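Just below is one structure, and these are the notes that go with it.
The values are calculated or read from the model by the stated rules, or taken from the named source; none is laboratory data. Since the structure is predicted, the reported quantities are computational estimates derived from the model, not experimental observations. Virtual Cβ from ideal backbone geometry, glycine too; neighbours counted across all protein chains shown.
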Amino acid sequence: MTITKAEDLDGLRIIGRIVANTLQAMGAALEPGMTTRELDEIGRDLLEAEGAEPAPQAVYGFPGATCISVNEEIAHGIPGDRVLGRGDLVNIDVSASRCGYFADTGATFRVGPVAPSLDRLCRDGRRALQIGLAQVAADRPLAGIGKAIETFASARGYTLIRNLASHGVGRSLHEYPEEIPTWATRGDRRRITKGMVLTVEPFLSKGGLWAEEGADGWTLYSTPRAPAVQYEHTVVATDRGPVILTLPG
C-alpha cells in the first residue's frame with residue numbers, strides 16, 4: 001500500500017497501535033506453566049475488544065488468533081497445549097485488521113532467565129531490526145535493508161533465515177512489494193517510494209538458513225536446526241525515514 005491521504009495514515013496508526021498493545025500485553029503475561037493456547041486467548045480478547053480481526057485466521061484460516069512459536073519453532077506456531085517453561089524463547093507474531101487496514105508486528109520474549117548466548121541473540125535481534133529500519137526512506141533501494149542487516153549479522157557470527165522475508169502491508173496482510181529480503185541480494189533494483197507501507201522483520205539465527213514446514217502444515221523450523229529470533233515493525237516510508245506504526249500507546 002502507498003499512503004495517499006490522511007485518512008489512510010490515521011487508519012493504519014489505529015490498527016498499528018492495537019497490534020502493538022496486544023503484543024506488549026501478551027509478552028507481559030508470559031509465565032512458566034501457562035499454555036500457548038492461554039496466551040493466544042489473551043491476544044484474541046484484546047484484539048476483539050478493540051474491534052480488530054486477527055489476520056492469520058481471517059486471511060489464511062490459521063488455527064489461532066496469533067502465531068506463537070517456542071524454542072525450536074521459529075514462526076507460525078499453532079497455539080495449543082504446549083506448556084511454557086523457564087528458559088524458553090517465545091516468538092509472538094500479532095497481525096490484525098480494522099476498518100480495512102492491516103498491521104503486523106512481532107517479537108521474541110524470554111520466559112525468565114535464558115542462556116547467555118540466547119540473551120545476546122535476543123538483544124542482537126532487536127539491533128538487527130533497528131539497523132533495517134534505518135535503511136527505510138523514500139527513494140532508497142529496497143535491497144539496502146537486507147544488505148545492512150546481513151553486514152551486521154555476519155560480523156557477529158549469525159545467520160539469517162533466507163526464505164522468510166519482509167513484505168508490503170496495508171490494505172491486505174501481504175501485498176506489493178511481496179518479498180523484501182532481510183539478507184543481502186544482487187540484482188534487486190526496486191526502490192522505496194514515498195508513502196510505501198511495509199514490514200521490516202529479520203529472522204536472526206545461530207546457524208539456521210532456511211525455514212522448513214513441520215508436519216502440522218503451519219509451524220516452521222530452522223534448517224539446520226538452530227535458535228532463531230524475530231522482531232518486526234510495520235512502517236511508512238517518508239523523505240526523512242520510517243514512521244513506525246506498531247508502537248504501543
Would the stretch 28-43 turn up any residue that is over 20 Å from the mean Cα position of the chain (by Cα) and part of a helix (DSSP H, G or I)?
yes
Looking for whichever is buried (at least 19 other Cβ atoms within 10 Å of the Cβ), over 30 Å from ASP10 (Cβ atoms) and touching a Leu at 6+ places or on another chain (Cβ under 8 Å) here; the options are ILE78, ILE74, ILE92. Which one fits?
ILE74
I'm checking my understanding of the structure. Among residues of the stretch 1-24 that are basic (Lys, Arg) and in a helix (DSSP H, G or I), which one is nearest to PRO54 (Cα to Cα)?
ARG17
Is at least one residue of the stretch 169-177 modelled with pLDDT of 95 or more and at positive phi?
yes
Quick check: is even one residue across the stretch 100-119 assigned to a helix (DSSP H, G or I) and either in contact with a helix residue (DSSP H, G or I) (Cβ under 6 Å, 6 or more places away or on another chain) or closer than 20 Å to LEU209 by Cβ (or both)?
yes
Just for strands (runs of 3 or more DSSP E) wholly inside the stretch 192-249: which have at least 2 residues that are surrounded by 24 or more Cβ atoms within 10 Å (Cβ to Cβ)?
197-200, 203-205, 228-230, 233-238
Subset of the stretch 185-231, residues polar (S, T, N, Q), in contact with a helix residue (DSSP H, G or I) (Cβ under 8 Å, 6 or more places away or on another chain) and over 15 Å from VAL70 (Cα atoms), comes to THR185
Picking from SER69, SER154, which residue would you name as being hydroxyl-bearing (Ser, Thr, Tyr) and surrounded by fewer than 22 Cβ atoms within 10 Å (Cβ to Cβ)?
SER154
Lone unmet requirement of (1) within 25 Å of SER166 (Cβ to Cβ); (2) at pLDDT 95 or above; (3) not in a helix (DSSP H, G or I) for GLY87:
(1)
Test of understanding: among ARG189, ARG171, which residue is over 20 Å from PRO242 (Cβ atoms), surrounded by fewer than 20 Cβ atoms within 10 Å (Cβ to Cβ) and not acidic (Asp, Glu)?
ARG189
Checked against (1) within 21 Å of ALA55 (Cβ to Cβ); (2) surrounded by 14 or more Cβ atoms within 10 Å (Cβ to Cβ), GLU178 satisfies every condition except (2)
Considering each residue of the stretch 58-84, count those that are within 15 Å of the chain's Cα centre (by Cα) and either among the β-branched types (Val, Ile, Thr) or part of a strand (DSSP E or B) (or both), and give that number.
8
